[in-house]
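All of the numbers you see were taken from the coordinates with simple rules; none came from a lab. All values reported here derive from a predicted model rather than from experimental measurement. Cβ: placed from backbone, ideal geometry, glycine included. Neighbour counts: every protein chain shown.
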Amino acid sequence: MAVPILAVDDSASIREMIVSVLAPRGYHVLTARDGDDALEKLRLLEEPHIILLDVVMPGLDGPTVVREIDEDDALRSAGHRVILMSSQLRLAARDIPPTAGQLPKPFTRQQLVEIVAQFGG
């Protein structure tokens, strides 16, 4: 059984691409449009998810979402694995928190499948 996925990106086309690539491969993919939406959904989930998290978003950005997860006992103990998505340059910035992985944008469908499989997919 594949680990469920939460795809968080302010771009609807990227969220749709992630679903279109992963759903046919048997993944259960939820989406969130921004950091607030992601945290709201994560608080309702009981099982650990792979979180594909965009770094640059309006409102709560990716690094802030990671900090919120780390500071919330229930979210931290859930065992979510966060994969940050952004440009290679942005992922190398000092404010990027340590996470399970990184997926530089733009990424191919194959790169998406490979990184999800690496983290329990």
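Before moving on, here are some points about what is shown:
- Contact order relative to length of region 5-118, as percent, for alpha carbon pairs under 8 angstrom and 6 or more apart: 23
- Considering helices alone, the calculated mean residue ellipticity of the chain at 222 nm is -11500 deg cm²/dmol, with DSSP H runs of length four and up weighted by -39500 (n - 2.57) and normalised per residue.
- Within the listed set Ala12, Ala92, Ala32, the Gaussian network model of the chain (springs between alpha-carbon atoms below 10 Å) gives the highest mean-square fluctuation for Ala92.
- Taking only the C-alpha atoms of the chain, Rg followed by Dmax gives 12.9, 36 Å.
- Note on region 1-90: with charges restricted to the Cβ of Lys and Arg (+1) and Asp and Glu (-1), its dipole about the Cα centre is near 400 debye.
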